[in-house]
Amino acid sequence: MKQFIFEAKQKQFLMGLMALGAVCLVLSYIFEPDSIAEAGFHQRFWSNLLHNGAFFTGMAFMTTFVIAAFVTAYSGWHVMFKRLWEAFSLFLIVGLVIFVLLGLGNVFHLHHLYHWAAEGITDPSSPNFDEVIAGKAGFLNNGWYIGGTLLIGGLWYFIARRMRQLSVQEDIDGDKVENFAYHRKIRFWAALFLPIAAFTGPALIWQWVMSVDAHWYSTLFAWYSMASWFLAACSLTILLLIYLKSLGYFEKVTVEHLHDLGKYMFAFSIFWTYCWFSQYMLIWYGNVGEETIYFKERLTHYPVLFYGNLFVNFALPFLILMRNTTKRRKGTLVFTAILVFIGHWWDYFYMIKPGTLITAQEAAHAGAHEAAQHGAAGFVAGFTIPGLLELGIMLGFVGLFIYVVFHHLSKVSLDPVNDPYYEESVHHEVQPYE
Amino acid sequence: MKSHSKKVLFGLYNDEEELMAAISGAKSKHLNIMDVYSPFPIHGMEKILGLEESRLHIVGFIFGMIGTLTAFLGMTWIFTSDWPTIFGGKPYFSLPAFVPIIFELTVLFSAIAMTVVFYIVCGLGFGVDNPILDDRITDDKFCLAFQTNDLSGTDVSNIKKFLKESGAAEIHEKEV
Amino acid sequence: MSASVSRIREPLVLGNKSYHQITEDLVGPTEKTPDRMWVIAFILSVSLFAYGMFALIWTFYFGIGSWNLNRTIGWGYDITNFVWWIGIGHAGTLISAILLLFRQRWRTGVNRAAEAMTIFAVMCAGLFPATHTGRPWFDFFMFPYPNTRGPLWVNFNSPLLWDLFAISTYFTVSLLFWYTGLVPDFASVRDRAKGIRKKIYAFVSMGWTGAAKHWQRHEYLSLVLAGIATPLVLSVHTIVSFDFATAVVPGWHTTIFPPYFVAGAIFSGFAMVQTLMVITRKAFRLQEYITVNHIESMNKVILVTGTMVGSAYLIELFIAWYSGYIYEQFAFYNRVLGPYFWAYIGMMGCNLLSPQVFWSKKIRRSVFWTFLMSIFVNIGMWFERFVIIATTLAKDFLPSSWSYYWPSWVEIGIYLGTIGLFFTLYLIFARVAPVVAIAEVKHILKQYGDQYLGPNAKEHHQEQSEKAH
């Protein structure tokens, strides 16, 4: 079947997920952890929005990045399912809406996700004044938070859309144009996108995620979180492909393609661990207080998050996907893909939640520094580990993401027959000796 | 090794596709192929010949694990009981600092073991003098070889006929 | 059998080659007496190496004092050159292993020479820390072994020791990988040789016959070794970067160092491969095997990694400002505008800016520009290490001990000597072994030969693939 039909049943189901997510989001607005409840920041709600917004938008961004990278590197095997990735990349626009909401929240002090957005933080005469953050004000400020997001994210979206348009147009009359003109145009945009993404990606990651711990910094942080996004996108691709294949779509996507995606999941799990280890080990080894505070906080108060992160994102995929047979068997592949997807969602939870909790506690209790020392003592629902509401919200976002993907998927032919690499992809075989 | 010599009848083909067709033909005629020689690896041949998948990775895995354990247990023993050393205010047992060497030894053990096992199971090594059927096999000829020691005259001529029919450019007999 | 190949791809073997012609072309150079250019190059390299040996012996005799290292500047030329060489030594395994896994077929034209280069570069690199210990005859102390000094072990927690492990492992595995790949090609040389050459090549080709089972295992071994060599090659430069980043020195202690060093290593490694390949393909008339298409692909890798390294420079710079940590800020201020500003300009100019010319397809495909840029990048990456090491150490925590480092003739001599050593070894290699992997080129001929693919193709791949399926 070349044309994907977005059936009413699927729509209902995805709407149901979104409704569940919305309900959980509202509930998380109401059920604030005790230690910060009186302040009325609704930190749980906002941090959930930030967490899922960053995670799902990033997946769309990394998919665009991977499309661009594959096109420039003359990859041929993936074109059988490139429509799926193109649909992923268009989620960027939804992400931008979420971040504009978060940015407006900053402006009107609706939340305390970011310590740097607090009132008077850059004003030497204010009791809230923070010298370090004042030094960063050129980057961490409300204007750039919204402006940068719109500018950079808009650029990403523009290129993602352009690449998809050309790719869809190629389907229609690509066989009539000379010399693969459409593909060459896509390659132009792809090549352009790579350096743009390399320079702007970190900027957005820093202000969206890293600045949650406003004092802390790590140069590797952006590359580390990009690896995490890629893994999430890769695992969701595997899951959706297997699902859509079971409905009869993508029949030319064979076990060989899935095997290769499995390889990517395996290899990038190791790469992610490499980034994780480099960041952790260097900070641990150097033992500079300003830096170790990040891990100290997480190791002391969030051990489940900390070790769970490593276990689910490194140990399990590494051990399961080591053998070739597990990458070719649907059962194991689906199982690992679900693990990896949740694992990286967990990873973003781990990056965002501890920082937002401390920020809220500092703001809630006047003696900011005392609060910082105490950190998140004991168990804090929705922060120490993901609670039921968080899981519901994740499902809601999964529903939203898939809804957007299916919506775009249903508009075009699934079979990119005029792609110059079409034949290669059809005959793709993971030969043992390649 | 060379206790008694082997009589080998072999055909040389000019192209790997002809060779592949010939192997399939020989298999369907139930001829007992001694070996196939080629100047470069041919994909899909292992399936036609029915070769089992190599198990070298198991060797690699086992020795890799030995490497991991050697490094991990070695450093743990040295730094926690044999000669405890404090560095940078860290505990004696500092796992993050052990990771690089653990990784390196894993790779080292596994790579050396796999390569050594490869040469041993293939019977290759410095000074090994395996018989060469034809000097052009490492150049541009593809060779299908049969052992004819225990075969009757009719069988041998059958094989010759088969080689000729399957398109062998040259047919030779050689004692090695 | 032969997988289908898109018509958008370019052929990788030109000149309508037959299998026999490939053997002829690639084994040929090892069978002829060297020409005059080779002899001149060899004499030059050996003399450079001899000069380096002289400087080295000078160092051993008079001690490290003959180097211009001084208080606070404990690392100078020695470690700069060590890191530079190790970086260059990354391309070989990268081309063979990572490009193998990513199915970039153009690697077949260059992988053998690149692997050889890797091994020689690692040898050159190893010389520097070995000498820098001051008493190199005691270097075996670095290995953990039961000794007469009581139960005194080496410090396994020291990044410098990790380095020892990483580099020894890398050297060993690269050697195994390279040599195992060479065995079938040595057999090709053997079967054409006569007399004493035949005996020698029979010995080094280990009795290779080309049997199906051997090929199968050989391919499998290459694949698994490639699989484990990939994290290994990442780990080596990562651990070199740990040498710096575990320290609390501002400008060194930064978490992006590991991947950024790796990207830089790939960058400089490819540049050195280009330098060598441009010369080799001309000298041995291998333009049909190392085509302009190969050169263009490598130039793209240089552009990508150059931009990655450049983005890491900017990330570092930005985070130095962002950190709000005045010593970090000073370290970077000092790099950009301090006494070594020229090195910083050299680094930025050669590494980030100059590869950007490769956006132009014309320049990417020009042999002259490729050669020029490869030299630029080699220089730029040398500057990068110099910037990181000398600039940082020259102005450390105590302003009273600030100084300016400049190498002595002995240090320069050793550096030149390693360049001589490198080229001497490479020239010998190019004489005695096929510089292009024969079996691998034959293997891709039917998919990527220009009689099968591209404008001169006689039969189209589509028919080819249909026949196969």
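The values are calculated or read from the model by the stated rules, or taken from the named source; none is laboratory data. All values reported here derive from a predicted model rather than from experimental measurement. We place every Cβ from the backbone using ideal geometry, glycine too, and count neighbours over all the protein chains shown. Keep in mind that these areas ignore ligands, DNA and RNA; they rest on the heavy atoms of the full protein, side chains included. Shrake-Rupley method; radii C 1.70, N 1.55, O 1.52, S 1.80 Å.
Of all residues in segment C:1-27, those satisfying the criterion of being within 14 Å of chain B (Cβ to nearest Cβ) and without any contact (Cβ under 8 Å) to a residue 12 or more places away in the chain are C:Ser18, C:His20, C:Gln21, C:Glu24. For segment A:274-349, the helices (runs of 4 or more DSSP H) that sit wholly inside it and include 1 or more residues that are within 12 Å of chain C (Cβ to nearest Cβ), out of contact with any Leu (no Cβ under 8 Å at 6 or more places or on another chain) and closer than 27 Å to A:Met394 by Cα are A:289-301, A:316-321. Residues in segment A:68-88 that are of a type in the set (A, V, I, L, M) and more than 21 Å from A:Val404 (Cα to Cα): A:Ala69, A:Val71, A:Ala73.
Surrounded by 23 or more Cβ atoms within 10 Å (Cβ to Cβ) and part of a loop (DSSP other than H, G, I, E, B): is that true of C:Trp208 in this structure? In short, yes.
Candidates in segment A:296-309 are the residues that are open to solvent by 10 Å² or more (accessible area, probe 1.4 Å) and out of contact with any Gly (no Cβ under 8 Å at 6 or more places or on another chain); of these, the one that is nearest to A:Ile385 (Cα to Cα) is A:Val304.
Checking each residue in segment C:316-339 for being of a type outside the set (Asp, Glu), in contact with a Pro (Cβ under 6 Å, 6 or more places away or on another chain) and either in a loop (DSSP other than H, G, I, E, B) or open to solvent by less than 40 Å² (accessible area, probe 1.4 Å) (or both) picks out only C:Ala331. May I ask you to verify whether C:Ser241 is free of Cβ contacts under 8 Å to residues at least 60 places away in the same chain, crowded, with 24+ Cβ neighbours inside 10 Å, closer than 30 Å to C:Thr33 by Cα and more than 7 Å from every other protein chain (Cβ to nearest Cβ)? Here the answer is no, as C:Ser241 does not meet what is asked.
Does C:Phe138 meet the test of being open to solvent by 30 Å² or more (accessible area, probe 1.4 Å) and assigned to a helix (DSSP H, G or I)? Criteria met by C:Phe138.
The set of residues in segment C:244-278 that are more than 16 Å from the chain's Cα centre (by Cα), open to solvent by 10 Å² or more (accessible area, probe 1.4 Å) and more than 9 Å from every other protein chain (Cβ to nearest Cβ) comprises C:Val249, C:Pro250, C:Trp252. For the criterion of being part of a helix (DSSP H, G or I), within 14 Å of another protein chain (Cβ to nearest Cβ) and either closer than 26 Å to C:Thr254 by Cα or open to solvent by 70 Å² or more (accessible area, probe 1.4 Å) (or both), C:Ser354 fails.
Residues are listed down the side, and each one gets a yes or a no for (1) surrounded by 21 or more Cβ atoms within 10 Å (Cβ to Cβ); (2) over 17 Å from the mean Cα position of the chain (by Cα); (3) within 14 Å of another protein chain (Cβ to nearest Cβ):
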residue	(1), (2), (3)
A:Ile67	yes, no, no
A:Ala73	no, yes, yes
A:Arg83	yes, yes, no
A:Ala87	yes, no, no
A:Val94	no, no, no
A:Leu104	no, yes, no
A:Phe108	no, yes, no
A:His111	yes, yes, no
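If the condition is being part of a helix (DSSP H, G or I), under 20 Å from A:Arg323 (Cα atoms) and either at the interface with another protein chain (Cβ under 8 Å from one of its Cβ atoms) or touching a residue at least 40 places away in the same chain (Cβ under 8 Å) (or both), then segment B:47-64 contributes B:Leu56, B:His57, B:Val59, B:Gly60, B:Phe61, B:Ile62, B:Phe63, B:Gly64.
Within segment B:127-139, residues that are within 7 Å of another protein chain (Cβ to nearest Cβ) reach partners that are open to solvent by 40 Å² or more (accessible area, probe 1.4 Å) with beta carbons closer than 8 Å, at six or more positions or on different chains, in the pairs B:Gly127/C:Phe203; B:Asp135/C:Arg192; B:Asp139/C:His20; B:Asp139/C:Arg192.
Selection of segment C:255-278 for residues being free of Cβ contacts under 8 Å to residues at least 40 places away in the same chain and among the β-branched types (Val, Ile, Thr) yields only C:Thr255. Right, A:Ile172: open to solvent by 10 Å² or more (accessible area, probe 1.4 Å), assigned to a helix (DSSP H, G or I) and at pLDDT 90 or above or not? When the stated conditions are applied, A:Ile172 does not pass them. Scoring C:Ile196 on the criteria (1) more than 14 Å from chain B (Cβ to nearest Cβ); (2) in contact with a helix residue (DSSP H, G or I) (Cβ under 6 Å, 6 or more places away or on another chain); (3) not small (Gly, Ala, Ser) leaves a single failure, condition (2). Within segment B:106-140, the set of residues being open to solvent by 50 Å² or more (accessible area, probe 1.4 Å) and among the charged types (D, E, K, R) comprises B:Asp129, B:Asp135, B:Arg136. Set side by side, the residues C:Thr59, C:Thr72, C:Thr93, C:Thr80 differ, and just one is within 14 Å of chain B (Cβ to nearest Cβ), touching a helix residue (DSSP H, G or I) at 6+ places or on another chain (Cβ under 6 Å) and either surrounded by fewer than 24 Cβ atoms within 10 Å (Cβ to Cβ) or hydroxyl-bearing (Ser, Thr, Tyr) (or both), which is C:Thr93. Does C:Thr108 satisfy the criteria of being within 14 Å of chain B (Cβ to nearest Cβ) and touching an Asp or Glu at 6+ places or on another chain (Cβ under 9 Å)? Considered against the rule, which asks whether it is within 14 Å of chain B (Cβ to nearest Cβ) and touching an Asp or Glu at 6+ places or on another chain (Cβ under 9 Å), C:Thr108 comes out as yes. On the stretch given as segment C:150-183, residues that are more than 7 Å from every other protein chain (Cβ to nearest Cβ) and either buried (at least 24 other Cβ atoms within 10 Å of the Cβ) or part of a helix (DSSP H, G or I) (or both) total 17.
Can you name every residue in segment A:86-106 that is in a helix (DSSP H, G or I) and within 22 Å of A:Ser410 (Cβ to Cβ)?
Within segment A:86-106, A:Glu86, A:Ala87, A:Phe88, A:Ser89, A:Leu92, A:Ile93, A:Val94, A:Gly95, A:Val97 qualify.
All of B:Phe103, B:Phe98, B:Phe93, B:Phe79 fail the test of being without any contact (Cβ under 8 Å) to a residue 40 or more places away in the chain, at the interface with chain C (Cβ under 9 Å from one of its Cβ atoms), closer than 26 Å to C:Ala166 by Cβ and open to solvent by 30 Å² or more (accessible area, probe 1.4 Å), apart from B:Phe103. For the residues C:Leu425, C:Leu416, C:Leu398, C:Leu393, the requirement of being crowded, with 21+ Cβ neighbours inside 10 Å and out of contact with any Cys (no Cβ under 8 Å at 6 or more places or on another chain) singles out C:Leu393. Within segment A:243-267, the set of residues being within 12 Å of another protein chain (Cβ to nearest Cβ) and in contact (Cβ under 8 Å) with a residue 40 or more places away in the chain comprises A:Glu256, A:Asp260, A:Lys263, A:Phe266. Among all residues of segment C:149-157, there is at least one that is in contact with a helix residue (DSSP H, G or I) (Cβ under 9 Å, 6 or more places away or on another chain) and closer than 25 Å to C:Thr392 by Cα.
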